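The values are calculated or read from the model by the stated rules, or taken from the named source; none is laboratory data. No experiment lies behind these values; they were computed from the predicted model shown. Please note: Cβ atoms are built from the backbone with ideal geometry, for glycine as well, and neighbour counts cover all protein chains shown.
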Amino acid sequence: MKKIVLLASVLVLFSLAMVVSSVIPAELEQLDSTTTAPYSVNSFDGYWTTSGSVGPLEVIANITLDKEPKCIAVNEETNRVYVGVEGGLVVVDGETDEVVTEILSDAEVVALAVNPQTNHIYAAVYGENVTVINGATNQMVGGISERVYDSYEIAVNPVTNLVYIADWTTIMGEYDRVRVYHGENLTLIDTVNIPGSNESTTIQRVGVAVNPDTNRIYATWRGNNTLHVIDGNTHGIIKTVKPSSFSDTVTVNPYTNYVYVGKAVLDGDTLVQVTSDYQGDLKAVNPLSNLLYTTQYENLYALNGSTHGVVDSLELHWWISSYSDPIAANPQTSKIYVINYQANQVSVIIPEFPTLTSILLIFIVLTVAIAISKRRLLRTLIQ
(Lines give C-alpha, C1' and ligand atoms only; values in the text may rest on other atoms or scores of the structure.)
Protein backbone atom coordinates (compact mmCIF):
# COMPACT_ATOMS: atom_id res chain seq x y z
CA MET A 1 0.00 0.00 0.00
CA LYS A 2 2.83 2.39 0.91
CA LYS A 3 4.53 1.66 -2.42
CA ILE A 4 1.33 2.51 -4.27
CA VAL A 5 0.97 5.81 -2.37
CA LEU A 6 4.60 6.69 -3.04
CA LEU A 7 4.26 5.89 -6.74
CA ALA A 8 1.07 7.93 -6.96
CA SER A 9 2.79 10.88 -5.31
CA VAL A 10 5.62 10.72 -7.84
CA LEU A 11 3.17 10.63 -10.74
CA VAL A 12 1.24 13.61 -9.35
CA LEU A 13 4.43 15.65 -8.95
CA PHE A 14 5.59 14.74 -12.45
CA SER A 15 2.21 15.71 -13.93
CA LEU A 16 2.32 19.00 -12.04
CA ALA A 17 5.77 19.69 -13.45
CA MET A 18 4.58 19.09 -16.99
CA VAL A 19 1.51 21.31 -16.55
CA VAL A 20 3.45 24.17 -14.97
CA SER A 21 6.23 24.06 -17.56
CA SER A 22 3.71 24.08 -20.40
CA VAL A 23 1.85 27.18 -19.23
CA ILE A 24 4.84 29.28 -18.22
CA PRO A 25 5.98 31.60 -21.05
CA ALA A 26 9.11 30.58 -22.92
CA GLU A 27 10.93 33.61 -21.57
CA LEU A 28 10.56 32.26 -18.03
CA GLU A 29 12.33 29.06 -19.02
CA GLN A 30 15.52 31.07 -18.50
CA LEU A 31 15.21 30.96 -14.74
CA ASP A 32 17.94 30.11 -12.30
CA SER A 33 17.10 27.81 -9.41
CA THR A 34 18.56 30.35 -6.99
CA THR A 35 16.29 33.18 -8.15
CA THR A 36 14.37 34.67 -5.25
CA ALA A 37 13.20 37.99 -6.68
CA PRO A 38 9.61 38.19 -7.90
CA TYR A 39 9.00 38.31 -11.63
CA SER A 40 8.68 41.81 -13.03
CA VAL A 41 7.87 43.25 -16.43
CA ASN A 42 10.36 45.50 -18.18
CA SER A 43 8.22 48.46 -19.20
CA PHE A 44 9.95 49.38 -22.43
CA ASP A 45 9.67 46.04 -24.19
CA GLY A 46 7.18 43.94 -22.25
CA TYR A 47 9.67 41.19 -21.44
CA TRP A 48 9.31 39.06 -18.37
CA THR A 49 12.51 39.74 -16.49
CA THR A 50 14.35 37.69 -13.94
CA SER A 51 17.87 37.51 -12.60
CA GLY A 52 19.39 34.19 -13.58
CA SER A 53 22.59 32.29 -14.09
CA VAL A 54 23.89 30.66 -17.21
CA GLY A 55 25.33 27.35 -18.26
CA PRO A 56 28.34 26.75 -20.50
CA LEU A 57 28.86 29.18 -23.38
CA GLU A 58 28.94 27.40 -26.72
CA VAL A 59 29.62 28.50 -30.30
CA ILE A 60 26.77 27.09 -32.37
CA ALA A 61 27.45 28.77 -35.72
CA ASN A 62 29.85 30.98 -37.65
CA ILE A 63 28.32 33.36 -40.17
CA THR A 64 30.83 33.96 -42.97
CA LEU A 65 30.89 37.40 -44.58
CA ASP A 66 32.78 38.49 -47.66
CA LYS A 67 33.68 41.83 -46.09
CA GLU A 68 35.25 42.99 -42.84
CA PRO A 69 32.64 43.51 -40.10
CA LYS A 70 32.71 46.80 -38.18
CA CYS A 71 29.72 46.76 -35.82
CA ILE A 72 26.64 44.73 -34.99
CA ALA A 73 23.12 45.22 -33.62
CA VAL A 74 20.00 43.08 -33.05
CA ASN A 75 16.27 43.62 -33.39
CA GLU A 76 14.91 41.18 -30.82
CA GLU A 77 11.31 41.69 -31.98
CA THR A 78 11.96 40.56 -35.58
CA ASN A 79 14.93 38.31 -34.74
CA ARG A 80 17.10 40.07 -37.31
CA VAL A 81 20.81 40.77 -36.90
CA TYR A 82 22.47 43.72 -38.61
CA VAL A 83 26.19 43.74 -39.33
CA GLY A 84 27.90 46.91 -40.51
CA VAL A 85 30.69 45.95 -42.89
CA GLU A 86 33.33 47.72 -44.92
CA GLY A 87 31.09 48.27 -47.89
CA GLY A 88 27.49 47.73 -46.79
CA LEU A 89 25.03 46.46 -44.21
CA VAL A 90 24.41 42.72 -43.92
CA VAL A 91 21.04 41.42 -42.70
CA VAL A 92 21.04 38.02 -40.95
CA ASP A 93 18.09 35.81 -40.03
CA GLY A 94 18.43 35.16 -36.30
CA GLU A 95 16.52 31.89 -36.57
CA THR A 96 18.70 30.21 -39.20
CA ASP A 97 21.84 32.34 -38.69
CA GLU A 98 22.06 32.80 -42.43
CA VAL A 99 22.57 35.99 -44.45
CA VAL A 100 19.28 37.29 -45.86
CA THR A 101 20.53 40.21 -47.90
CA GLU A 102 23.10 42.99 -48.11
CA ILE A 103 22.11 46.63 -48.49
CA LEU A 104 23.82 50.03 -48.59
CA SER A 105 26.43 48.79 -51.05
CA ASP A 106 29.77 50.62 -50.95
CA ALA A 107 28.81 52.35 -47.69
CA GLU A 108 31.11 51.84 -44.69
CA VAL A 109 28.76 51.42 -41.72
CA VAL A 110 30.65 52.22 -38.50
CA ALA A 111 27.84 52.38 -35.91
CA LEU A 112 24.34 50.93 -35.56
CA ALA A 113 21.24 51.35 -33.44
CA VAL A 114 17.83 49.68 -33.66
CA ASN A 115 14.36 50.65 -32.51
CA PRO A 116 12.57 47.30 -32.06
CA GLN A 117 9.19 49.01 -31.70
CA THR A 118 9.27 50.86 -35.05
CA ASN A 119 11.58 48.36 -36.78
CA HIS A 120 13.87 51.16 -37.91
CA ILE A 121 17.62 50.67 -38.14
CA TYR A 122 19.96 53.65 -37.85
CA ALA A 123 23.29 53.15 -39.63
CA ALA A 124 26.11 55.68 -39.36
CA VAL A 125 27.90 55.71 -42.71
CA TYR A 126 31.49 56.94 -42.60
CA GLY A 127 31.98 60.19 -44.53
CA GLU A 128 28.24 60.60 -45.07
CA ASN A 129 25.27 60.65 -42.68
CA VAL A 130 23.08 58.41 -40.53
CA THR A 131 20.95 56.33 -42.88
CA VAL A 132 17.57 55.03 -41.71
CA ILE A 133 16.41 51.60 -42.89
CA ASN A 134 12.92 50.09 -42.71
CA GLY A 135 13.54 46.63 -41.26
CA ALA A 136 10.42 45.18 -42.89
CA THR A 137 11.47 46.07 -46.44
CA ASN A 138 15.24 46.56 -46.00
CA GLN A 139 14.81 49.82 -47.88
CA MET A 140 16.22 53.22 -46.99
CA VAL A 141 13.47 55.53 -45.74
CA GLY A 142 15.49 58.63 -44.90
CA GLY A 143 18.61 60.04 -43.37
CA ILE A 144 19.81 62.21 -40.52
CA SER A 145 22.13 64.93 -41.72
CA GLU A 146 25.00 64.27 -39.33
CA ARG A 147 28.37 64.08 -41.05
CA VAL A 148 30.05 60.92 -39.79
CA TYR A 149 33.85 60.90 -39.67
CA ASP A 150 34.41 58.36 -36.92
CA SER A 151 32.64 55.62 -34.97
CA TYR A 152 29.84 57.84 -33.74
CA GLU A 153 27.77 56.58 -30.84
CA ILE A 154 24.05 56.23 -31.54
CA ALA A 155 21.36 55.38 -28.97
CA VAL A 156 17.60 54.99 -29.35
CA ASN A 157 14.82 55.28 -26.81
CA PRO A 158 12.06 52.95 -28.11
CA VAL A 159 9.52 54.42 -25.68
CA THR A 160 9.85 58.04 -26.83
CA ASN A 161 11.09 57.16 -30.34
CA LEU A 162 13.96 59.60 -30.02
CA VAL A 163 17.43 59.07 -31.47
CA TYR A 164 20.54 60.37 -29.72
CA ILE A 165 23.74 60.93 -31.67
CA ALA A 166 27.03 61.74 -29.96
CA ASP A 167 28.70 64.43 -32.04
CA TRP A 168 32.18 65.79 -31.42
CA THR A 169 33.22 68.83 -33.37
CA THR A 170 36.41 69.39 -35.32
CA ILE A 171 36.06 73.18 -35.13
CA MET A 172 37.73 74.96 -32.22
CA GLY A 173 35.36 77.07 -30.13
CA GLU A 174 32.30 74.97 -30.86
CA TYR A 175 30.63 72.60 -28.40
CA ASP A 176 30.80 68.84 -28.50
CA ARG A 177 27.23 67.73 -28.10
CA VAL A 178 24.45 65.16 -28.12
CA ARG A 179 21.96 65.74 -30.91
CA VAL A 180 18.35 64.63 -30.39
CA TYR A 181 16.27 63.58 -33.42
CA HIS A 182 12.71 62.38 -33.83
CA GLY A 183 12.85 58.73 -34.85
CA GLU A 184 10.00 58.95 -37.36
CA ASN A 185 10.23 62.26 -39.22
CA LEU A 186 14.00 62.55 -38.49
CA THR A 187 13.78 66.24 -37.53
CA LEU A 188 16.21 67.77 -35.04
CA ILE A 189 14.44 68.09 -31.68
CA ASP A 190 17.18 69.45 -29.43
CA THR A 191 20.92 69.82 -28.92
CA VAL A 192 22.66 69.16 -25.61
CA ASN A 193 25.99 70.96 -25.40
CA ILE A 194 28.69 69.39 -23.26
CA PRO A 195 29.81 72.02 -20.71
CA GLY A 196 33.34 73.29 -21.26
CA SER A 197 33.82 71.44 -24.54
CA ASN A 198 33.93 74.70 -26.50
CA GLU A 199 37.16 75.57 -24.69
CA SER A 200 38.97 72.37 -25.67
CA THR A 201 41.91 72.80 -28.05
CA THR A 202 41.81 69.17 -29.22
CA ILE A 203 39.16 66.84 -30.63
CA GLN A 204 37.46 64.89 -27.84
CA ARG A 205 35.06 61.97 -28.15
CA VAL A 206 31.51 61.83 -26.85
CA GLY A 207 29.68 58.63 -25.90
CA VAL A 208 25.94 58.15 -25.35
CA ALA A 209 23.55 55.54 -23.92
CA VAL A 210 19.87 55.47 -22.91
CA ASN A 211 17.86 53.83 -20.15
CA PRO A 212 14.32 53.63 -21.59
CA ASP A 213 12.85 52.67 -18.20
CA THR A 214 13.95 55.89 -16.51
CA ASN A 215 14.15 58.08 -19.62
CA ARG A 216 17.68 59.11 -18.69
CA ILE A 217 20.44 59.66 -21.21
CA TYR A 218 24.08 59.27 -20.24
CA ALA A 219 26.86 61.06 -22.13
CA THR A 220 30.61 60.77 -21.61
CA TRP A 221 33.15 63.39 -22.66
CA ARG A 222 36.83 62.58 -23.04
CA GLY A 223 37.87 66.22 -22.56
CA ASN A 224 37.75 66.03 -18.77
CA ASN A 225 36.64 62.40 -18.28
CA THR A 226 33.13 63.31 -17.17
CA LEU A 227 29.76 61.57 -17.24
CA HIS A 228 26.67 63.71 -17.76
CA VAL A 229 23.08 62.67 -16.98
CA ILE A 230 20.46 64.16 -19.30
CA ASP A 231 16.74 64.33 -18.52
CA GLY A 232 14.88 62.67 -21.41
CA ASN A 233 11.93 65.06 -21.07
CA THR A 234 13.70 68.41 -20.94
CA HIS A 235 17.08 67.38 -22.38
CA GLY A 236 18.78 69.39 -19.69
CA ILE A 237 21.88 68.11 -17.92
CA ILE A 238 20.83 67.27 -14.35
CA LYS A 239 24.07 65.86 -12.95
CA THR A 240 27.76 65.56 -13.82
CA VAL A 241 30.38 63.34 -12.19
CA LYS A 242 33.94 62.18 -12.77
CA PRO A 243 33.93 58.37 -12.51
CA SER A 244 36.91 56.63 -10.94
CA SER A 245 37.48 54.94 -14.30
CA PHE A 246 36.74 56.22 -17.78
CA SER A 247 36.07 55.06 -21.33
CA ASP A 248 34.82 56.72 -24.49
CA THR A 249 31.72 54.54 -24.41
CA VAL A 250 28.97 54.28 -21.80
CA THR A 251 26.60 51.34 -21.29
CA VAL A 252 23.36 50.94 -19.31
CA ASN A 253 21.77 47.83 -17.83
CA PRO A 254 18.03 48.66 -17.59
CA TYR A 255 17.43 45.67 -15.29
CA THR A 256 19.64 47.02 -12.48
CA ASN A 257 19.75 50.67 -13.59
CA TYR A 258 23.54 50.46 -13.45
CA VAL A 259 25.68 52.66 -15.68
CA TYR A 260 29.09 51.46 -16.88
CA VAL A 261 31.97 53.79 -17.74
CA GLY A 262 35.36 52.12 -18.00
CA LYS A 263 35.53 49.83 -14.96
CA ALA A 264 33.26 52.08 -12.88
CA VAL A 265 29.75 50.82 -12.15
CA LEU A 266 27.43 53.64 -11.07
CA ASP A 267 23.89 53.78 -9.75
CA GLY A 268 21.81 55.27 -12.56
CA ASP A 269 19.87 57.57 -10.19
CA THR A 270 22.51 58.83 -7.77
CA LEU A 271 25.67 58.18 -9.83
CA VAL A 272 27.22 56.75 -6.68
CA GLN A 273 29.79 54.11 -7.54
CA VAL A 274 28.62 50.57 -6.84
CA THR A 275 31.83 48.74 -7.74
CA SER A 276 34.79 48.84 -10.09
CA ASP A 277 35.84 45.24 -9.72
CA TYR A 278 34.68 42.93 -12.49
CA GLN A 279 36.30 40.78 -15.17
CA GLY A 280 36.93 42.18 -18.64
CA ASP A 281 35.53 45.17 -20.52
CA LEU A 282 31.77 45.40 -20.91
CA LYS A 283 30.56 44.93 -24.49
CA ALA A 284 26.91 43.87 -24.30
CA VAL A 285 23.99 43.46 -21.88
CA ASN A 286 21.07 41.05 -21.83
CA PRO A 287 18.46 42.89 -19.70
CA LEU A 288 16.10 39.91 -19.74
CA SER A 289 18.45 37.46 -18.02
CA ASN A 290 20.46 40.23 -16.29
CA LEU A 291 23.69 38.98 -17.83
CA LEU A 292 26.67 41.08 -18.87
CA TYR A 293 29.09 40.06 -21.60
CA THR A 294 32.64 41.29 -21.25
CA THR A 295 35.85 40.59 -23.12
CA GLN A 296 39.51 40.44 -22.22
CA TYR A 297 42.11 39.57 -24.82
CA GLU A 298 40.68 36.46 -26.53
CA ASN A 299 38.16 35.58 -23.83
CA LEU A 300 34.43 36.18 -23.57
CA TYR A 301 32.91 36.30 -20.08
CA ALA A 302 29.32 36.06 -18.88
CA LEU A 303 28.75 38.01 -15.65
CA ASN A 304 25.85 38.22 -13.24
CA GLY A 305 24.48 41.73 -13.71
CA SER A 306 23.82 42.23 -9.99
CA THR A 307 26.88 40.71 -8.32
CA HIS A 308 29.29 41.08 -11.28
CA GLY A 309 30.65 37.64 -10.57
CA VAL A 310 31.86 35.53 -13.50
CA VAL A 311 29.27 32.90 -14.42
CA ASP A 312 31.16 31.35 -17.32
CA SER A 313 33.83 32.12 -19.91
CA LEU A 314 34.79 31.05 -23.41
CA GLU A 315 38.09 31.33 -25.26
CA LEU A 316 37.40 32.68 -28.72
CA HIS A 317 40.87 32.23 -30.26
CA TRP A 318 40.87 35.69 -31.79
CA TRP A 319 41.31 39.24 -30.56
CA ILE A 320 38.03 40.97 -29.88
CA SER A 321 37.44 43.85 -32.27
CA SER A 322 38.16 47.34 -30.99
CA TYR A 323 35.44 48.70 -33.27
CA SER A 324 32.24 50.17 -31.90
CA ASP A 325 29.75 47.51 -30.74
CA PRO A 326 31.64 44.27 -31.53
CA ILE A 327 29.07 42.18 -29.60
CA ALA A 328 25.26 42.13 -29.59
CA ALA A 329 22.88 40.09 -27.42
CA ASN A 330 19.35 39.05 -28.34
CA PRO A 331 17.30 38.93 -25.10
CA GLN A 332 14.53 36.89 -26.73
CA THR A 333 16.71 34.04 -28.00
CA SER A 334 19.66 34.46 -25.58
CA LYS A 335 22.04 34.33 -28.54
CA ILE A 336 25.22 36.39 -28.45
CA TYR A 337 26.77 37.60 -31.69
CA VAL A 338 30.51 38.34 -31.69
CA ILE A 339 32.39 39.97 -34.55
CA ASN A 340 35.53 38.19 -35.76
CA TYR A 341 37.07 40.82 -38.00
CA GLN A 342 40.17 38.69 -38.60
CA ALA A 343 38.17 35.95 -40.32
CA ASN A 344 35.33 38.16 -41.65
CA GLN A 345 32.84 36.20 -39.58
CA VAL A 346 30.22 36.59 -36.88
CA SER A 347 30.22 33.83 -34.27
CA VAL A 348 26.89 32.85 -32.74
CA ILE A 349 27.15 31.84 -29.10
CA ILE A 350 24.41 30.60 -26.83
CA PRO A 351 24.41 29.83 -23.12
CA GLU A 352 22.72 26.69 -21.84
CA PHE A 353 20.08 27.91 -19.40
CA PRO A 354 18.62 25.48 -16.87
CA THR A 355 14.96 25.16 -17.83
CA LEU A 356 12.07 25.27 -15.41
CA THR A 357 11.15 21.73 -16.43
CA SER A 358 14.57 20.36 -15.55
CA ILE A 359 14.51 22.19 -12.22
CA LEU A 360 11.13 20.66 -11.33
CA LEU A 361 12.27 17.21 -12.38
CA ILE A 362 15.31 17.53 -10.12
CA PHE A 363 12.95 18.55 -7.31
CA ILE A 364 10.86 15.42 -7.93
CA VAL A 365 13.90 13.16 -7.83
CA LEU A 366 15.06 14.75 -4.58
CA THR A 367 11.57 14.40 -3.06
CA VAL A 368 11.44 10.70 -3.92
CA ALA A 369 14.96 10.15 -2.60
CA ILE A 370 14.09 11.84 0.69
CA ALA A 371 10.89 9.80 1.02
CA ILE A 372 12.79 6.53 0.45
CA SER A 373 15.49 7.55 2.96
CA LYS A 374 12.89 8.37 5.59
CA ARG A 375 11.16 5.05 5.04
CA ARG A 376 14.42 3.11 5.43
CA LEU A 377 15.34 5.09 8.54
CA LEU A 378 11.92 4.40 10.06
CA ARG A 379 12.25 0.68 9.27
CA THR A 380 15.70 0.62 10.93
CA LEU A 381 14.38 2.28 14.07
CA ILE A 382 11.45 -0.14 14.32
CA GLN A 383 13.75 -3.13 14.00
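Things worth noting here:
- Within the range 236-261, residues that are on the phi > 0 side of the Ramachandran plot have Cβ atoms under 6 Å from residues that are part of a loop (DSSP other than H, G, I, E, B) in these pairs: Asn257/Gly268, counting only partners at least 6 apart in sequence or on another chain.
- Within the range 160-202, the set of residues being closer than 19 Å to Asp231 by Cα and charged (D, E, K, R) comprises Asp167, Asp176, Arg177, Arg179, Asp190.
- For the range 335-347, the count of residues that are at pLDDT 95 or above, surrounded by fewer than 22 Cβ atoms within 10 Å (Cβ to Cβ) and under 30 Å from Lys242 (Cβ atoms) is zero.
- Strands (runs of 3 or more DSSP E) fully within the range 290-352 that include at least 1 residues being free of Cβ contacts under 8 Å to residues at least 24 places away in the same chain and within 17 Å of the chain's Cα centre (by Cα): 291-296, 299-304.
- Val259 being part of a strand (DSSP E or B), in contact with a strand residue (DSSP E or B) (Cβ under 7 Å, 6 or more places away or on another chain) and crowded, with 19+ Cβ neighbours inside 10 Å: yes
- Test: residue in the range 61-77 that is assigned by TED's automatic domain parsing to the domain that holds Val348, hydroxyl-bearing (Ser, Thr, Tyr) and farther than 21 Å from Trp319 by Cα: no
- Identification of strands (runs of 3 or more DSSP E) wholly contained in the range 150-240 with 2 or more residues that are charged (D, E, K, R) yields 177-182.
- For Pro158, the requirement of being out of contact with any Asp or Glu (no Cβ under 9 Å at 6 or more places or on another chain), in the same structural domain as Val125 (by TED's automatic domain parsing) and either on the phi > 0 side of the Ramachandran plot or not polar (S, T, N, Q) (or both) is not met.
- Consider the range 168-178 and keep the residues that are surrounded by fewer than 21 Cβ atoms within 10 Å (Cβ to Cβ) and of a type outside the set (A, V, I, L, M). The one that is modelled with the highest pLDDT is Tyr175.
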